[in-house]
Amino acid sequence: MKKLFFLILFFSGFSLFAQDEQPLVPVDEETGKIRFREVVDETGTKNELFNRCIYWLNGFYKNPTRVTTIRDVNTGKIEGRHNIRLYYYTDDSVKTQAGTVDYVFVIELKDNKYRYTITDLKLRSTTRMPVERWLDKNEPAYDPRWDDYLQQIADFFHDWSESLKEKMKPEVKKSEDDW
């Protein structure tokens, strides 16, 4: 019985090593670029969804008119540019800014659904380095902190999308208390 247990444990360890390592962020297979994208079914006309999205933008960003480059109610398209600050901890456990990553987002609205796409992530520097470089662990300049930066990006866009989904839900109508 002990031998069987150890054999199962031994071979299960190999299967764990054989699994492909999943990237921390979604990568478009065609372009090889990082792309966050989701189509969300939500009740409402294109105009209602557009108004809810503007309401979300106004609450999420400090200066939403500067962030957005396109706000077209006729096509149901909202496009914008913004950035994320990345951090790391020094050996003394001091939180230090590592850099700023710019990104582009597009929100497309149709009756009863919308789609958001986040692309063009670039580290703000003199060369505007694409963040996809951080995915390559064989890169000569590889830094183990890159995985943490990618995780920070993934966490930010998870929160971003959850916030958007929450604000895109129709407002619950309260019935009047007729007593």
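Structure values in brief
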quantity	calculated
Close pairs (6 angstrom Cβ cut-off, 6 or more residues apart or separate chains): farther than 20 Å from Met129 by Cα and modelled with pLDDT of 95 or more in segment 25-42, among the hydrophobic types (A, V, I, L, M, F, W, C) and outside any strand (DSSP E or B) anywhere	Glu42/Met168
Answer from Tyr61, Tyr89 - the residue that is more than 18 Å from Thr117 (Cα to Cα), out of contact with any Phe, Trp or Tyr (no Cβ under 9 Å at 6 or more places or on another chain) and among the aromatic types (Phe, Trp, Tyr)	Tyr89
Segment 37-94: number of residues that are loosely packed, with under 14 Cβ neighbours inside 10 Å and at positive phi	1
Some residue of segment 143-158 being within 20 Å of Trp56 (Cβ to Cβ), at pLDDT 95 or above, over 12 Å from the mean Cα position of the chain (by Cα) and not in a strand (DSSP E or B)	no
Residue in segment 99-118 that is at pLDDT below 95 and of a type outside the set (A, V, I, L, M, F, W, C) present	yes
Pair list, Cβ < 8 Å and 6+ apart or interchain, from segment 83-104 residues that are of a type in the set (Lys, Arg) to residues that are in a strand (DSSP E or B) and surrounded by fewer than 15 Cβ atoms within 10 Å (Cβ to Cβ)	Arg85/Gln97; Arg85/Thr100; Lys95/Tyr87; Lys95/Tyr89
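The values are calculated or read from the model by the stated rules, or taken from the named source; none is laboratory data. These numbers were taken from a predicted model, which means no experiment stands behind them. Note: ideal-geometry Cβ built from the backbone for every residue, glycine included; neighbour counts use all protein chains shown.
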